[in-house]
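J.: Below is one structure. I have some questions about it.
The values are calculated or read from the model by the stated rules, or taken from the named source; none is laboratory data. None of these values were measured; they are calculated from a predicted model. Neighbour counts run over all protein chains shown; Cβ positions are idealised from the backbone, glycine included.
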Amino acid sequence: MRALPWVLLLVAFPAASLAVPVDTGLGPEPYHTWPTLTADMAALAAAHPDLAKLSSIGKSAQGLDLWALEIANFGGLTGEEPIVYLDGTHHGNEPLGMELMWSIAVRLLNHYADDPAMKRIVDEDHIYIVPLVNPDGELRNQRKNLNGVDLNRNYPFHWGEPGCDHDPGSATYCGPSAASEPEVQANVAFMDAIKPDIYVSGHTGSVLFIHPWSWTTAPPPDAGTFRSIDQNFTGRNAAA
């Protein structure tokens with residue numbers, strides 16, 4: 001049986017405070033762009049054919065692929081492993097979300113053979129990583145996507161409620177309708193297909209570890225699980 005409860009978490013870091021880990025696979029440039037991320041993800045998957053597969057979950061408004069790395073011990077999969085989904089950079093001017101998720105992929109795969117902790121994670125879980133949800137915004141260093149929509153506020157669950165704006169000029173413009181944007185449509189369809197037990201989305205701009213619900217102050221049914229995860233993560237990473 002898959003043992004973990006379904007959870008959604010939002011990790012946010014201040015843009016200037018997260019040092020790039022030593023083993024990120026990054027070159028001389030401080031952050032990836034969509035073209036360099038595309039090349040690096042392909043190379044990483046090719047270097048670990050027994051542990052990683054590269055695919056696209058869909059296209060951006062501009063027509064760029066939203067690349068996903070699937071990481072698991074494919075020779076030993078039983079179908080009962082917890083499914084973990086990590087994504088980053090819904091906001092194109094928050095590249096650290098992308099780099100965090102990329103760094104996780106690099107560490108899991110490049111240290112599978114020499115780090116028992118990484119081997120255990122890969123052997124016991126089924127992991128999907130989409131480092132860059134908003135490639136159009138990233139290429140333009142802008143928060144919103146090519147259509148001027150805040151992707152993080154375009155999801156259909158409680159769409160259009162307080163916390164977003166219906167003014168297209170606002171930084172938190174939620175779009176003309178729920179899931180109007182191709183990036184959100186792709187991500188929703190992907191999550192419906194893989195049915196993750198844990199979903200973590202990386203952002204920057206503040207030092208927060210956010211769990212449901214954001215649309216109400218009422219606690220979620222599994223609030224105790226969330227508190228335990230929050231405390232474990234923030235205690236290890238000095239986040240608030």
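J.: Considering only region 65-104, state which residues are among the hydroxyl-bearing types (S, T, Y) and in a strand (DSSP E or B).
T.: Residue satisfying the conditions is Y85 alone.
J.: Looking at A46, A113, A42, which one is outside any loop (DSSP other than H, G, I, E, B), loosely packed, with under 15 Cβ neighbours inside 10 Å, without any contact (Cβ under 8 Å) to a residue 12 or more places away in the chain and small (G, A, S)?
T.: The conditions single out A46.
J.: Looking at A193, is it in a helix (DSSP H, G or I), small (G, A, S) and either surrounded by 15 or more Cβ atoms within 10 Å (Cβ to Cβ) or touching a helix residue (DSSP H, G or I) at 6+ places or on another chain (Cβ under 7 Å) (or both)? Step through it out loud before you land on a result.
T.: Details: in a helix (DSSP H, G or I): yes; small (G, A, S): yes; either surrounded by 15 or more Cβ atoms within 10 Å (Cβ to Cβ) or touching a helix residue (DSSP H, G or I) at 6+ places or on another chain (Cβ under 7 Å) (or both): no.
Against the criterion (in a helix (DSSP H, G or I), small (G, A, S) and either surrounded by 15 or more Cβ atoms within 10 Å (Cβ to Cβ) or touching a helix residue (DSSP H, G or I) at 6+ places or on another chain (Cβ under 7 Å) (or both)), A193 does not qualify.
J.: Suppose the filter is buried (at least 17 other Cβ atoms within 10 Å of the Cβ) and not in a loop (DSSP other than H, G, I, E, B); does N232 pass it?
T.: no
J.: What number of residues within region 69-93 are touching a residue at least 60 places away in the same chain (Cβ under 8 Å), closer than 20 Å to N110 by Cβ and surrounded by 23 or more Cβ atoms within 10 Å (Cβ to Cβ)?
T.: 3
J.: Can you confirm whether Y199 is aromatic (F, W, Y), crowded, with 18+ Cβ neighbours inside 10 Å, in contact with a strand residue (DSSP E or B) (Cβ under 8 Å, 6 or more places away or on another chain) and in contact (Cβ under 8 Å) with a residue 40 or more places away in the chain?
T.: When the stated conditions are applied, Y199 passes them.
J.: When both residues are 6+ apart or on different chains and their Cβ atoms are under 7 Å apart, which pairs have a first residue that lies in region 172-191 and is closer than 13 Å to N147 by Cβ, and a second that is among the acidic types (D, E)?
T.: Y173/D150; Y173/D165; Y173/D167; C174/D150; C174/D165; G175/E181
J.: Quick check on region 127-175: of everything there that is in a strand (DSSP E or B) and among the hydrophobic types (A, V, I, L, M, F, W, C), which residue is surrounded by the most Cβ atoms within 10 Å (Cβ to Cβ)?
T.: V130
J.: Residues being within 21 Å of K144 (Cβ to Cβ), loosely packed, with under 15 Cβ neighbours inside 10 Å and polar (S, T, N, Q): count how many of those fall in region 202-229.
T.: Adding up the residues that qualify gives 2.
J.: D65 passes all but one of (1) in contact with a Ser or Thr (Cβ under 6 Å, 6 or more places away or on another chain); (2) more than 15 Å from D40 (Cβ to Cβ); (3) surrounded by fewer than 23 Cβ atoms within 10 Å (Cβ to Cβ); which number fails?
T.: Tallying (1) in contact with a Ser or Thr (Cβ under 6 Å, 6 or more places away or on another chain); (2) more than 15 Å from D40 (Cβ to Cβ); (3) surrounded by fewer than 23 Cβ atoms within 10 Å (Cβ to Cβ), D65 fails exactly one: (2).
J.: Which residues, counting only those in region 196-221, are of a type outside the set (V, I, T), part of a loop (DSSP other than H, G, I, E, B) and modelled with pLDDT under 85?
T.: Residues satisfying the conditions are G205, S206, H211, P212, W213, S214, W215.
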